[in-house]
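Colleague: Below is one structure. I have some questions about it.
The values are calculated or read from the model by the stated rules, or taken from the named source; none is laboratory data. Because the structure is predicted, anything quoted here is derived from the model rather than measured. When we count neighbours, we look across all protein chains shown, and the Cβ atoms used for this are built from the backbone with ideal geometry, even at glycine.
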Amino acid sequence: MLLAIDTSAGTTVAVVAADGSVRAERNSLDTRKHAEVVGDFIHGALADAGVAVTDLTGVVAGMGPGPFTGLRVGIVAARAFAFGAGLPLLPVVTHDALALGETEPVVVATDARRKELYWSTYEGSDAAGLPILVEGPALAPAAELATSVPNFEHFALRDTEPVQATRLARLAHLLRENDRPFAGEEALYLRSPDVTPSAGPKRVTA
């Protein structure tokens, strides 16, 4: 039984059994209130599923790509929950979860704001049902996606549905079952945060 958390777009939390059945899920498309709702979503999903923390075998964290401010909320929440519960953290690439089940070459593109898109290309799925990454994730102006993605005409552009934690959990189950590596521990921001620290301390004058 896995608890999955992702805040790369809105906020999504799910409890999913090893057979892929969804025990509970909470979703919000709001891209500004991740920190306000993620804790309640975790508590609510576990309560809806009737699952105790001791029933879980891992915590799935969506590592992006996603904007800095929102994405880190879900990662921190997943890390904190996993640490407190003594459970393994299972990081997955959010685009890989969106490409799960695809059988043809596809471009997965998600909103990066500022009139930009995050994109990844996949050559369908392998024998285990896991997506085959060709290139990405990367960042491109929305209006220039076709010229930014190598060999764009080879891939079908998918109008991606909202990110759902259920897909991340199913991906994590497949990775575990087939002894495949999980994503790295670094979040896939792909660009610097909007706010950066100043170069040095401010001068204080009388």
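Colleague: Quick check, is residue 74 part of a helix (DSSP H, G or I), under 16 Å from residue 168 (Cβ atoms) and in contact with an Asp or Glu (Cβ under 6 Å, 6 or more places away or on another chain)?
Modeller: yes
Colleague: Could you check how many residues of the range 74-94 are surrounded by 19 or more Cβ atoms within 10 Å (Cβ to Cβ) and farther than 16 Å from residue 190 by Cα? Quick ask: steps written out before the conclusion?
Modeller: Here is the first cut: in the range 74-94, the ones surrounded by 19 or more Cβ atoms within 10 Å (Cβ to Cβ) are 74-75, 77-78, 81-82, 90-94.
The next check asks that each one be farther than 16 Å from residue 190 by Cα; those that pass are 74, 77-78, 81-82, 90-91.
Residues meeting the conditions: 7.
Colleague: Going by the structure shown, is residue 97 of a type in the set (Gly, Ala, Ser) and under 14 Å from the mean Cα position of the chain (by Cα)?
Modeller: It is true that residue 97 is of a type in the set (Gly, Ala, Ser) and under 14 Å from the mean Cα position of the chain (by Cα).
Colleague: Mind telling me which of the residues 92, 107 ends up being touching a residue at least 40 places away in the same chain (Cβ under 8 Å), of a type in the set (A, V, I, L, M, F, W, C), over 20 Å from residue 147 (Cα atoms) and in contact with a helix residue (DSSP H, G or I) (Cβ under 8 Å, 6 or more places away or on another chain)?
Modeller: Of the residues listed, the single one that is touching a residue at least 40 places away in the same chain (Cβ under 8 Å), of a type in the set (A, V, I, L, M, F, W, C), over 20 Å from residue 147 (Cα atoms) and in contact with a helix residue (DSSP H, G or I) (Cβ under 8 Å, 6 or more places away or on another chain) is 92.
Colleague: Kindly list, by first and then second residue, each pair from a residue in the range 148-169 that is within 17 Å of residue 14 (Cβ to Cβ) to a residue that is part of a helix (DSSP H, G or I) and among the hydroxyl-bearing types (Ser, Thr, Tyr), limited to pairs with Cβ atoms under 9 Å and residues at least 6 apart or on different chains.
Modeller: 163/94; 167/94; 168/94
Colleague: Within the range 43-52, track down each residue that is touching a Leu at 6+ places or on another chain (Cβ under 9 Å) and either surrounded by fewer than 17 Cβ atoms within 10 Å (Cβ to Cβ) or hydroxyl-bearing (Ser, Thr, Tyr) (or both).
Modeller: Residue satisfying the conditions is 52 alone.
Colleague: Further question on the same structure: Could you identify the single residue in 55, 40, 19, 30 that is acidic (Asp, Glu), under 21 Å from residue 189 (Cβ atoms) and surrounded by fewer than 20 Cβ atoms within 10 Å (Cβ to Cβ)?
Modeller: Values: 55 fails: under 21 Å from residue 189 (Cβ atoms); 40 fails: under 21 Å from residue 189 (Cβ atoms); 19 fails: under 21 Å from residue 189 (Cβ atoms).
Going through 55, 40, 19, 30 in turn, the sole match is 30.
Colleague: If you don't mind, another one. Quick check: is even one residue across the range 58-75 more than 27 Å from residue 112 (Cβ to Cβ) and modelled with pLDDT of 95 or more? So that I can check it myself, show each step before the final result.
Modeller: Going through the range 58-75, the residues more than 27 Å from residue 112 (Cβ to Cβ) turn out to be 58.
Now drop any that are not modelled with pLDDT of 95 or more, which leaves 58.
Within the range 58-75 (the criterion being more than 27 Å from residue 112 (Cβ to Cβ) and modelled with pLDDT of 95 or more), the answer is yes, since at least one residue qualifies.
Colleague: Taking strands (runs of 3 or more DSSP E) that fall entirely within the range 98-194, which contain at least 1 residues that are surrounded by 20 or more Cβ atoms within 10 Å (Cβ to Cβ)?
Modeller: Working: elements: 105-113, 116-125, 131-141, 156-159.
Counting at least 1 such residues, we get 105-113, 116-125, 131-141.
Colleague: I'd like the full set of residues that are closer than 30 Å to residue 140 by Cβ, assigned to a helix (DSSP H, G or I) and in contact with a strand residue (DSSP E or B) (Cβ under 6 Å, 6 or more places away or on another chain), limited to the range 38-71.
Modeller: Looking only at the range 38-71, we keep the residues that are closer than 30 Å to residue 140 by Cβ, and these are 38, 60-71.
Restricting the remaining residues to those that are assigned to a helix (DSSP H, G or I) gives 38, 68-71.
Passing the criteria: only 38.
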